[in-house]
Amino acid sequence: MSSKPYALQLQLPVWLATLVAASVAFSLGLACAVPLAAFAALGALTLERRATFFLTLTVVLANQVLGFTVLHYPRDIETFAWGGIFLFVGFASTAAAFWMKERLGTVKPAVASVAIFLVAFAAYEGGFFFASLASGSGLYAYAPSIVLRIFEVNVVAFAGLLLLDRLASFVAPSRTKSANFGAVQLSSRLKTER
């Protein structure tokens with residue numbers, strides 16, 4: 001039995017559920033193109049590593065379930081394989097976000113947030129680029145205009161998720177290491193986690 005107050009015990013599951021619900025909204029609104037780099041970066045800013053990898057797994061699974069049930073993805077080997085690649089790229093993006101977070105030192109939270117997001121996005125795009133190259137599926141999706149559009153979607157999603165985080169910090173202002181809302185507290189967290 002946990003000695004934490006009941007409200008604190010609920011913060012992490014509620015925050016994870018809120019983020020997964022947001023990913024479902026993005027998946028439906030963007031025809032299953034969930035901005036995974038934005039979720040990886042936000043997870044690195046607001047969650048512990050293990051919880052962020054769980055979030056990534058859950059977001060990808062929710063995305064795939066929607067794709068196959070609501071958006072009627074074809075049920076063939078190639079589509080299932082890309083689902084696995086999507087999960088791998090999500091994990092790579094998450095790992096990259098935490099890698100950057102660990103190297104930031106004591107920088108301003110806004111700078112840290114941008115750096116973590118950019119590294120997560122680079123891992124996201126790089127992972128899909130190398131998967132496309134290895135699979136022989138073509139590199140047409142890497143035209144500058146398409147990459148820019150994917151970047152814009154991830155930036156807008158990241159900004160929206162940061163806003164959601166700020167709103168959550170007003171609703172649940174108590175913070176613990178395992179349930180820490182509020183990316184603006186990043187610099188103090190970076191100092192204490194070293």
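Worth a mention:
- For region 25-65, filtered to residues that are modelled with pLDDT under 80 and hydrophobic (A, V, I, L, M, F, W, C), the residue that is surrounded by the most Cβ atoms within 10 Å (Cβ to Cβ) is F26.
- Condition met for G126 (assigned to a loop (DSSP other than H, G, I, E, B) and among the small types (G, A, S)): no
Residue-by-condition table, conditions (1) part of a helix (DSSP H, G or I); (2) within 21 Å of L161 (Cβ to Cβ); (3) without any contact (Cβ under 8 Å) to a residue 24 or more places away in the chain; (4) not charged (D, E, K, R):
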site	(1), (2), (3), (4)
A33	no, yes, no, yes
A37	yes, yes, no, yes
L42	yes, yes, no, yes
L45	yes, yes, no, yes
A51	yes, yes, no, yes
V59	yes, yes, no, yes
R75	no, no, yes, no
G84	yes, no, yes, yes
L87	yes, yes, no, yes
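- Residues of region 97-119 satisfying the condition of being closer than 18 Å to V34 by Cα, buried (at least 22 other Cβ atoms within 10 Å of the Cβ) and of a type outside the set (V, I, T): A97, F117
- Within region 120-132, being surrounded by 23 or more Cβ atoms within 10 Å (Cβ to Cβ) and not aromatic (F, W, Y) holds for A120, A123.
- The residues on offer are L87, L104, and the sole one that is in contact with a helix residue (DSSP H, G or I) (Cβ under 6 Å, 6 or more places away or on another chain), among the aliphatic types (A, V, I, L, M) and under 23 Å from S27 (Cβ atoms) is L87.
- I150 in contact with an Asp or Glu (Cβ under 8 Å, 6 or more places away or on another chain), part of a helix (DSSP H, G or I), under 26 Å from A25 (Cα atoms) and modelled with pLDDT of 75 or more: yes
- Just one of (1) touching a residue at least 40 places away in the same chain (Cβ under 8 Å); (2) farther than 15 Å from V34 by Cβ; (3) of a type in the set (F, W, Y) fails for F158. It is (2).
The values are calculated or read from the model by the stated rules, or taken from the named source; none is laboratory data. Treat the numbers as computed from the prediction; the structure is a model and nothing was measured. Positions of Cβ are generated from backbone atoms using ideal geometry, with glycine treated the same way; all protein chains shown enter the neighbour counts.
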